[in-house]
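A.B. asks: My questions all concern the structure below.
The values are calculated or read from the model by the stated rules, or taken from the named source; none is laboratory data. If you're wondering where the values come from, they're calculated on a predicted model, not measured in any experiment. Neighbour counts are summed over all protein chains in view; Cβ atoms, including those assigned to glycine, are modelled from backbone coordinates with ideal geometry.
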Amino acid sequence: MEKIVECVPNFSEGRDKEKINYIAKAIESVEGVNLLDIDSGEAANRTVITFVGSPDAVEEAAFRAIKAASEVIDMREHHGEHPRIGATDVCPFVPVSGVTMDDCIRIAHRVGRRVGEELGIPVYFYEYAAKKENRRNLAYIRRGEYEGLREKLRDPEWAPDEGPAEFNAKSGATVIGARDFLIAYNVNLNTKDVKIAKKIAKIIREKGYPKRDENGKIVRDENGKAVYVPGKLKYVKAIGWYIEEYGCAQISINLTSYKTTPLYKVYEVCREEAEKLGALVTGSEIVGLVPKEAIIETGKYYLKKQGKSPEIPESDLVDMAVMSLGLNSVSRFDPSEKIIEYRISRNDGLINMKLQDFIDEISRDSPVPGGGSAAALSGAVASGLCSMVANLTANKKDFAEIRDKMIEFAAIGHKYRYNLMKNIDRDTDAFKKIMSAWRLPKKTDEQKEMRKRAIEEATIVAARVPCDTMEASLQVMEMAGDLIEHGNPASVTDVGVAGFLAYAGVMGGAMNVLINLGDIGDENITRDLRDRVDASVRRAEELHGIIGDMIFRRLRGESG
């Protein structure tokens, strides 16, 4: 899984486009970062920038953004409606895929240390990155805002987590943290009555609503504070409103932990509560971006409700989620624009070509794409066929006793398919890096040594990618053997084709490993790769015979 972190820094400038562009360019100067959105508000005099990328790239881009803001924003001249404490008011890091909250906490702490030491800006950590429990809440840290910061820093209780305990008049302070991804989500009702939407919002939101006695008066505790009835859904904030543009009332929701409270659960609870009030949920909309996982899990949930295998291609799961949540009901939901991973995915690779274009490309008089990419494609097609047969078997009543096992096979097939599909481009990219290394200058001894090292490093990668292809394809062969024995007999030829395609993936990968070993000087690496090739080839040859024997015996009607 690709490692992706989101960063959403808020800057105390929403009117001067030159300053905003200066900060944005600092972010875009880091390779591996994708700037997704710049949202400026004049009244608030504030800009929110959203960017994503690999953990290292996002970490560097965040620091550069904070530095750029400290250069062009002067808090002594800032006025706006939104609460703020510094030029870079808040800078949260959000795990999107392949990273944990702990990873984001470490990023926040490293960036905070650099900001304090290199820029002389006081830094406070909040949310999951907080080092003190009373600093988890952003609003609490921001209390008193920039105007009260000088006095706050004189209080030992408000010594910053990083940086000097001194008032930085120009930049103020910065609050840095790690938090969950926030999904802005609206559920549509078949009514214009905003009271119904507000009532549902009170019932579902975590905060709940004030408890009332038999006379309708709010119940209060001994301190005079209202006693609340807890809401049904954790990590949900919700209000009800009427949207004239759509001509309907909506439940407007901020979902702050979709992993704890899934998107589909929010939708279903809204639907249940609406029906109690005589209303219907007619669809919903995602405002901004949404993590792929939230959509995929929704698709799987509704497939399971229908009694079908959820281990189908990712695009089909997305379609199921879009249909089930009615995400196209009031505005168009374009997965390529709305799902964060799709927004930043590579679209110029071999894997995104049409089949005819790929075959044309592979037939040209250039060394790439070549056998390594073709081997990966062969293994990927094989794993896709295995998933198909597993799903066909799982969805048949006659195979109810092995349904769970078949769904597991389908999931394994998809896992290998995605990995092998990536290797189609990875193999070509690895060869290109070798060619680039060979073109490095070699006039001086130092250049020669650097060139030699670069060639070897690139060659190691070029050997490891097909090794991964080889071993993944071997696992697909193993699965094909099991499916021939236990899967739907009507699909036996599909599994046979899968087994032989996977065999081509193993052998193609093995050959591409071996051809690269001569340029690797590290004997430990070459020994390890050679041993893995030998083991995989032996097992593939054995499976090739077994699969062929099983398939043709079945087709000839022979037993045993």
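A.B. asks: Sort out which residues of the range 514-560 are exposed (fewer than 11 other Cβ atoms within 10 Å of the Cβ) and either at pLDDT 90 or above or part of a helix (DSSP H, G or I) (or both), and write them in order of number.
C.D. replies: Correct list: 518, 523, 524, 531, 538, 545, 556.
A.B. asks: Give 69, 44, 62 a once-over and let me know the one that is surrounded by fewer than 19 Cβ atoms within 10 Å (Cβ to Cβ) and more than 20 Å from residue 338 (Cβ to Cβ).
C.D. replies: The conditions single out 44.
A.B. asks: Would you be able to tell me the number of residues in the range 221-249 that are assigned to a loop (DSSP other than H, G, I, E, B) and loosely packed, with under 15 Cβ neighbours inside 10 Å?
C.D. replies: Matching residues across the range 221-249 total 11.
A.B. asks: Given 188, 134, which one is assigned to a strand (DSSP E or B), within 35 Å of the chain's Cα centre (by Cα) and not aromatic (Phe, Trp, Tyr)?
C.D. replies: 188
A.B. asks: Follow-up question, since we're still on this one. Residues of the range 442-463 being modelled with pLDDT under 90 and either part of a loop (DSSP other than H, G, I, E, B) or on the phi > 0 side of the Ramachandran plot (or both), which ones?
C.D. replies: The answer is 442, 443.
A.B. asks: Does residue 32 satisfy the condition of being more than 18 Å from residue 181 (Cβ to Cβ), in contact with a strand residue (DSSP E or B) (Cβ under 6 Å, 6 or more places away or on another chain) and free of Cβ contacts under 8 Å to residues at least 60 places away in the same chain?
C.D. replies: Judged against the criteria, residue 32 is a match.
A quick yes/no check of all residues on (1) in contact with a strand residue (DSSP E or B) (Cβ under 8 Å, 6 or more places away or on another chain); (2) assigned to a helix (DSSP H, G or I); (3) under 23 Å from residue 415 (Cβ atoms):
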{"site": "278", "(1), (2), (3)": "no, no, no"}
{"site": "282", "(1), (2), (3)": "yes, no, no"}
{"site": "285", "(1), (2), (3)": "yes, no, no"}
{"site": "297", "(1), (2), (3)": "no, yes, yes"}
{"site": "301", "(1), (2), (3)": "no, yes, yes"}
{"site": "308", "(1), (2), (3)": "no, no, yes"}
{"site": "312", "(1), (2), (3)": "no, no, yes"}
{"site": "315", "(1), (2), (3)": "no, yes, yes"}
{"site": "320", "(1), (2), (3)": "no, yes, yes"}
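A.B. asks: Return a yes/no flag: does the range 387-401 have any residue that is modelled with pLDDT of 90 or more, among the charged types (D, E, K, R) and out of contact with any Ser or Thr (no Cβ under 7 Å at 6 or more places or on another chain).
C.D. replies: no
Per-residue answers, yes or no, for (1) free of Cβ contacts under 8 Å to residues at least 60 places away in the same chain; (2) over 30 Å from residue 454 (Cα atoms); (3) surrounded by fewer than 16 Cβ atoms within 10 Å (Cβ to Cβ):
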{"site": "393", "(1), (2), (3)": "no, yes, no"}
{"site": "396", "(1), (2), (3)": "no, yes, yes"}
{"site": "400", "(1), (2), (3)": "yes, yes, yes"}
{"site": "409", "(1), (2), (3)": "no, yes, no"}
{"site": "424", "(1), (2), (3)": "no, no, no"}
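Here is a yes/no grid of residues against (1) in contact with a strand residue (DSSP E or B) (Cβ under 8 Å, 6 or more places away or on another chain); (2) at pLDDT below 95:
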| residue | (1), (2) |
| --- | --- |
| 93 | yes, no |
| 107 | yes, no |
| 112 | yes, no |
| 117 | yes, no |
| 130 | yes, no |
| 135 | yes, yes |
| 142 | yes, yes |
| 153 | no, no |
| 159 | no, no |
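A.B. asks: Something else about it: Would you be able to tell me the number of residues in the range 124-147 that are under 18 Å from residue 112 (Cα atoms) and touching a residue at least 40 places away in the same chain (Cβ under 8 Å)?
C.D. replies: Qualifying residue count, the range 124-147: 10.
A.B. asks: Now for a different question. Quick check on residue 214: is it among the acidic types (Asp, Glu) and within 30 Å of residue 93 (Cβ to Cβ)?
C.D. replies: no
A.B. asks: List the strands (runs of 3 or more DSSP E) that sit entirely inside the range 1-70 and contain at least 1 residues that are small (Gly, Ala, Ser).
C.D. replies: It comes to 33-41, 46-53.
A.B. asks: Taking the conditions exactly as written (out of contact with any helix residue (DSSP H, G or I) (no Cβ under 9 Å at 6 or more places or on another chain), closer than 20 Å to residue 59 by Cβ, of a type in the set (Gly, Ala, Ser) and not in a strand (DSSP E or B)), does residue 112 satisfy them or not?
C.D. replies: yes
A.B. asks: Consider residue 166 against the criteria (1) farther than 29 Å from residue 237 by Cβ; (2) not in a loop (DSSP other than H, G, I, E, B): it satisfies all of them except one. Which criterion is unmet?
C.D. replies: (2)
A.B. asks: Between a first residue in the range 464-489 that is part of a loop (DSSP other than H, G, I, E, B) and a second residue that is among the hydroxyl-bearing types (Ser, Thr, Tyr), which pairs have beta carbons less than 9 Å apart while being 6 or more apart in sequence or on different chains?
C.D. replies: Cβ pairs passing all conditions: 487/393; 488/393.
A.B. asks: Here's another thing I want to ask about it. Scan the range 230-257 for residues that are among the β-branched types (Val, Ile, Thr) and more than 23 Å from residue 279 (Cα to Cα) and report the count.
C.D. replies: Residues flagged as among the β-branched types (Val, Ile, Thr) and more than 23 Å from residue 279 (Cα to Cα) within the range 230-257 amount to 1.
A.B. asks: What about residue 387, is it in a helix (DSSP H, G or I), within 25 Å of the chain's Cα centre (by Cα), in contact (Cβ under 8 Å) with a residue 40 or more places away in the chain and farther than 26 Å from residue 511 by Cα?
C.D. replies: yes
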